[in-house]
Amino acid sequence: MKLRRLLATLLVFILPFWSTTAWATLLYSGGEDVDFVCSLGGTCLITDAPGTFRAGWARESYKTFGTISDPPTNRFETSTFAPSTSLWTHAQYCNVYNYGCEVNATTANTQMLRLMDSNGNAALIVRGAGVTGGLKISSRTATGTLTDLVTCPSAFGIALTQLDIYANYSSSGEVALYSNSVKVCGFTGDVTNGDGATTLNKVEFASPLSGYYGAWSEVIIATTDTRTMARFTANTVANGNTVNFSGTNVCSSIWNATTANDANYAYSGSSNVVHECTIKSTIPPGAYNVLALVMSGRALVGSSGPQHFDFLVRLNGTDYPSPDLGPTNSFSNITNYIQAVNPATTAPWAVSDFQAAGFNVGAKTKP
């Protein structure tokens, strides 16, 4: 088995504002190329240009080049998450011109964000309104007919903007867009697309400005209000308790890389081999609760040898594995393994859990 990337992230929310988020169910989180799937035939790139992400929380943003098409030629998507009739989608966003967030124009009808229903159709779409900073929310039938529901003036600025989209997917439903936690538009009524689906289970991301990149970071999808949530990238830093995979500087170089380079990887041809790393755990100052620890990786298996692997966390000297995960015979992203509680205590995570001596993340090969 070969493991190209291993990334842990903490989903935190700030107290006491909107404290009801304490009971949110996390559906998905991502922020780097290893967390998403780029559209077939499309182009998705990373950027570490200052200002295109929140330094201290993330280390890059993931971007696509805007096109006028349905669907967008260049877009990336989450993996399928648990179907939900109601969800919030959260991210930090800006248009990228040259090297940073330098423009907030939009192209009329160019698709920016697509909420996918459980039949695989784009049901609700955030699109460019064709004016500076302006967006609109449209419904879309399974056959591709788009109907504008509401226009959202001044939805995002030139600088990095926090966007939160709420959708209650039903005939008596609702959709609303928040910019830096302030509601800028909303629609109440039938938001379904008529194909019989009653739930949403995937989100796609693109750029609302044709010919320019849209940069996304700190993506969070949950069942309740995401406006005070944040995603902290807890990338691997150095060797941990057990280091038995082959490869040069596995924790500090291979698994710590910010973009997929499949020429370098950590590997083992035997089962039950463990490799663990310490993580970056210095979170920006503040009072936080932790919603979940999320892990992603990029891996492949050969025709012989281990055919599965487990993500690991190490707490108080004990390793806690995920269920067995089965990579394919070519490199692919294994995303969104969510741990909502501390496995050692079954209590909610605390920031101090990740800062404790001996805390590691890692992987174990399996037959």
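Structure above, values below:
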quantity: Calculated [θ] (222 nm, deg cm²/dmol) that DSSP helices of n ≥ 4 give over the chain, each run adding -39,500 (n - 2.57); calculated: -500 deg cm²/dmol
quantity: Most to least packed among 60-68, 126-134, 265-273 [average Cβ atoms within 10 Å]; calculated: 60-68, 126-134, 265-273
quantity: Quotient of C-alpha Rg and 2.2 N^0.38 Å, computed over region 24-227; calculated: 0.91
quantity: Cα centroid separation, region 239-307 to region 332-367 (Å); calculated: 12
quantity: Exposure proxy order (Cβ contacts within 10 Å, fewest to most) of Asp195, Asp310, Asp35; calculated: Asp195, Asp310, Asp35
quantity: Extreme residue, positive dipole direction of the chain, given options Ser171, Thr224, Val243 (C-beta unit charges); calculated: Val243
quantity: Cross-link reach list, lysines versus Lys183, counting only Cα pairs under 22 Å and skipping chain neighbours closer than eight places; calculated: Lys136
quantity: Long-range Cα-Cα pairs in region 55-126 (distance over 19 Å), rounded percent; calculated: 45
quantity: Global size of the chain as Cα Rg and Dmax, reported in angstrom; calculated: 20.2, 57
quantity: Zero-based 10 Å bins, Cα pair distances in region 232-366, whole percents; calculated: 12, 44, 34, 9, 1
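Here, each number is a calculation from the coordinates, and none is a lab measurement. This is a predicted model, so every value here is computed, not measured. So basically every Cβ, Gly included, is an ideal-geometry build from the backbone, and we count neighbours across all protein chains shown.
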